[in-house]
1. At 0.36 nm per residue, and after removing the present C-alpha to C-alpha distance, how many nm does the segment from D292 to K146 gain when stretched out fully?
2. Starting from the amide H of S212, placed 1.01 Å from N in the peptide plane, find each other amide H under 5 Å away whose residue is 5 or more places distant or on another chain.
3. Taking R0 as 22 Å, what's the FRET efficiency between E43 and F337 from their Cβ-Cβ distance, rounded to 0.05?
4. Using r as the Cβ-Cβ distance of K227 and Y345, and R0 as 56 Å, what FRET efficiency do you calculate, to the nearest 0.05?
5. How far is helix 340-349 tilted off the main Cα axis of the chain, in degrees rounded to 10, range 0 to 90?
6. How far, in degrees from 0 to 90, does helix 220-229 lean away from the longest principal axis of the Cα atoms of the chain, to the nearest 10?
7. Over the C-alpha atoms of the range 46-186, what are the Rg and the largest Cα-to-Cα span, Dmax, in Å?
8. Taking Cα atoms, how many degrees apart are the long axis of helix 138-148 and the longest axis of the chain, rounded to 10 and kept between 0 and 90?
Amino acid sequence: MLYYQTRLSSIRFSFWRRIINTDAALYYKRAKALLLPVEPKPEVYGFELKISNRHYLFYNNDTPFNNSSSSFIAINKYCTNQILAAANIPVPKGILFHTTDLEHDSLENIIANLRFPLVIKPADGSLGMGVLCNIKTFDELSFFLKQYCSVYPSMIIEEFYGNLQSYRVLVFNRKIIGVVLCQPARVLGDGKHTIQELIELTNTKRKEISDSLDPIVLDDECQLRLKELGIDQSYIPASGETIVLCYTSNPTRGGSYESVDLKICKENRKIITKAAKVLNLKLAGIDIECTDINTPFSLSQGVILDVNHRPSMLIHELPINGKPQPVTKKIMKSFIFRHPFTYLYSLYSNRSTSFYMRALTVSLIAALIYWFAYQYFEG
């Protein structure tokens, strides 16, 4: 018995160590709080929910809500862009580029219908990796394409929307349940340290805040941004001066995020939920650029940049700034509404809740008997 308990404790510790920084941990904790019948599955870095003879597996940051074909399409950023455009949803104008395209045509002709500045990004990338924004000249585009295509054979070249706010909107079952404002990497000057030194100091603070925050890196995009500002990493910002170092706002590239109000104007709300519907995604994280998410996209240069089929829950439930949004609670509650009778039976069978469920049942039966008796004698 002691061996069994020790072994069980070891398995549980291994389970939490594997999933501690994943969405699966948030889903699991929420499921336990709701008394849903879940079981850890360390071998898949997640857990299993068994209810009404159905098996729902949560693996790392993947969930059972989206089918494989819709997820596969969402991974391909160009396919996503074209499907949304065909549905009259505002997206950046872009093209799919492969290195072999230059064997048949010149780069000038390939991008003839696009306006600078431009963005290049992998056709199937994620987490902002391989994305380079605000390419202003043809020479810069040609130079960076040669570099990036050696790693990413297929790239998207699209028009850049700058000087706007970046938002991640979480959609579940055609409803908006979470919104965060995403901010690109930045440093705050103190009048003493260079940008390079401030980056190192900021990275130390980011590590203390959360392990999910990757460090700021002086990569190609950062160099383009500093070039635009007319400075370099040896520049010493004045006290209180904020230097925005990037255009992309992913936390994996030094960005930060804060939760904001769910208040979104009717036009934008309709477009956002339509994007998830068109791609047949029950759960989706939609990346948006606009001046203000509560102002119609038609008046705020609004575009949908990307749709993610396995969106992060951490940025909503554990934001750097703002009020936490209990999005996993809303998501896991959907299983209760989907399987109400099985859920009630599980509560009835659960050792910690069976007494209360039986007491409630007895109370209901007593109330019904009283009601029938009252009707009989009064009648």
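The numbers here are math on the coordinates, done by the rules we state, and not lab data. Being a predicted model, the structure only gives us computed values, none of them experimental. Quick reminder, even Gly has a Cβ in these numbers, built from the backbone with ideal geometry, and neighbours come from all protein chains shown.
1. Numbers: separation 146, 0.36 × 146 = 52.56 nm, distance 3.58 nm.
Additional length available on full extension: 49.0 nm.
2. none
3. Details: r = 30 Å, r/R0 = 1.35.
Efficiency computed from Cβ-Cβ geometry: 0.15.
4. On the way: r = 64 Å, r/R0 = 1.15.
Calculated value: 0.30.
5. 60
6. 60
7. 18.4, 60
8. For 138-148 against the chain, the angle is about 50 degrees.
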